[in-house]
Ligand code: ADP
Ligand code: TRP
């Protein structure tokens, strides 16, 4: 039997090169394993704990779907859908809520962090915390358990959520019999961390990002802003300590990377490296960028997501019936 993987993608605004190298690319590579059946969905209902502008929500959801499709997600090989198009998720979420000890959720990182921050600021513990944030891990458990995946590939920050899904599944099975399979977490160990314009980790929160689909001019302008040291052009340079090289090796071909290493050893000016880096990223992204813009302008994304939802529901509808039968609803 095929192994099944499932992962959720939160709709976020600006997707940057770091997100691509650290999260999107490894997830797409993971899905290519032979014999693996993969499910990807846009976790728009999870986004609702933060995004409260309806137009923004629609645009972010479509944008992130177009991003993944443009970067190579194959909707024929994967089941690709919007969480909100699969209402069984929300029904299951309630059933699981009734099995989940409140104390378990009190300990969830995101909630705990909000409480700690409030306390430190002398505010009431739950100030500004909505129930969506508090029960976030239950909705996530429903996303997962409804499709019975063997593996859930996620970033490290999500490990606790998978553990909660496992705990809730165990509790449910203990009461109602063997209904759910225990999902396993998969963490990609060797992903590169890309530096941003100022040399710190590229991150939205530092405002040092290069957006994934920057147009050529903007891309060039941003690459030119990347911080370097003040070594003169002719001085030999160490590629291992260069942010420009760290970026270059993710986007240039292996032969180009080797050639660049040699030029570092001989001495190459930073301006020259920036020009090469800009070309490499621009070339790498030109086709995905074209495809992204094309997808955004056409109804294709919506059609693909609707088809994906239909395929997802072919699993979720009959399984939810079984689950409801197990609890006597
Ligand atoms: P940000 O730090 O910009 O807010 P997120 O926290 O939304 O990014 O990260 C989404 C995903 O992208 C996570 O899996 C994270 O590990 C990955 N990621 C974010 N920034 C980088 C980076 N600079 N290098 C590699 N991966 C990154
Ligand atoms: N919480 C995940 C994140 O913030 C997104 C997510 C929602 C998810 N449901 C999921 C991931 C189910 C894996 C499986 O990135």
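Among the numbered criteria (1) more than 11 Å from ligand 1 (Cβ to nearest atom); (2) closer than 28 Å to residue 14 by Cβ; (3) free of Cβ contacts under 8 Å to residues at least 60 places away in the same chain, which one does residue 246 miss? Evaluating residue 246 over (1) more than 11 Å from ligand 1 (Cβ to nearest atom); (2) closer than 28 Å to residue 14 by Cβ; (3) free of Cβ contacts under 8 Å to residues at least 60 places away in the same chain leaves (1) as the failure. How about segment 1-27: which of its residues are away from ligand 1 (no atom under 13 Å from the Cβ), in contact (Cβ under 8 Å) with a residue 40 or more places away in the chain and surrounded by fewer than 20 Cβ atoms within 10 Å (Cβ to Cβ)? Listed by number, the residues that qualify are 3, 4. Within segment 28-58, the set of residues being in contact with a helix residue (DSSP H, G or I) (Cβ under 9 Å, 6 or more places away or on another chain), within 29 Å of residue 182 (Cβ to Cβ) and either within 9 Å of ligand 1 (Cβ to nearest atom) or assigned to a helix (DSSP H, G or I) (or both) comprises 28, 44, 45, 46, 47. On the stretch given as segment 1-24, residues that are closer than 28 Å to residue 282 by Cα and more than 16 Å from ligand 2 (Cβ to nearest atom) total 2. All conditions but one from (1) closer than 24 Å to residue 161 by Cα; (2) exposed (fewer than 13 other Cβ atoms within 10 Å of the Cβ) apply to residue 68; the one that does not is (2). Residues in segment 37-61 that are more than 23 Å from residue 314 (Cα to Cα) and under 15 Å from the mean Cα position of the chain (by Cα): 47, 60.
Checking residue 141 against (1) at pLDDT 95 or above; (2) within 9 Å of ligand 2 (Cβ to nearest atom); (3) farther than 14 Å from residue 105 by Cα; (4) under 18 Å from the mean Cα position of the chain (by Cα), only one condition comes out false. Which one? Failed condition: (3).
Counting only strands (runs of 3 or more DSSP E) that sit completely within segment 67-186, those holding 3 or more residues that are closer than 30 Å to residue 285 by Cβ correspond to 78-82, 151-153. Against the condition on the phi < 0 side of the Ramachandran plot, within 16 Å of ligand 1 (Cβ to nearest atom) and surrounded by fewer than 18 Cβ atoms within 10 Å (Cβ to Cβ), how does residue 150 come out, does it pass? So residue 150 does not fit the description; no. How about segment 200-213: which of its residues are without any contact (Cβ under 8 Å) to a residue 40 or more places away in the chain, out of contact with any strand residue (DSSP E or B) (no Cβ under 9 Å at 6 or more places or on another chain) and away from ligand 2 (no atom under 16 Å from the Cβ)? If the condition is that a residue be without any contact (Cβ under 8 Å) to a residue 40 or more places away in the chain, out of contact with any strand residue (DSSP E or B) (no Cβ under 9 Å at 6 or more places or on another chain) and away from ligand 2 (no atom under 16 Å from the Cβ), then 200, 206, 207 are the ones that fit. Within the option set 297, 280, 262, being exposed (fewer than 14 other Cβ atoms within 10 Å of the Cβ), under 29 Å from residue 195 (Cβ atoms) and out of contact with any strand residue (DSSP E or B) (no Cβ under 6 Å at 6 or more places or on another chain) holds for one residue only, 262.
When residue 113 is tested against the conditions (1) over 16 Å from the mean Cα position of the chain (by Cα); (2) within 16 Å of ligand 1 (Cβ to nearest atom); (3) touching a residue at least 24 places away in the same chain (Cβ under 8 Å), the lone failure is (3).
The values are calculated or read from the model by the stated rules, or taken from the named source; none is laboratory data. Please read these numbers as outputs of a predicted model, since none were measured by experiment. We place every Cβ from the backbone using ideal geometry, glycine too, and count neighbours over all the protein chains shown.
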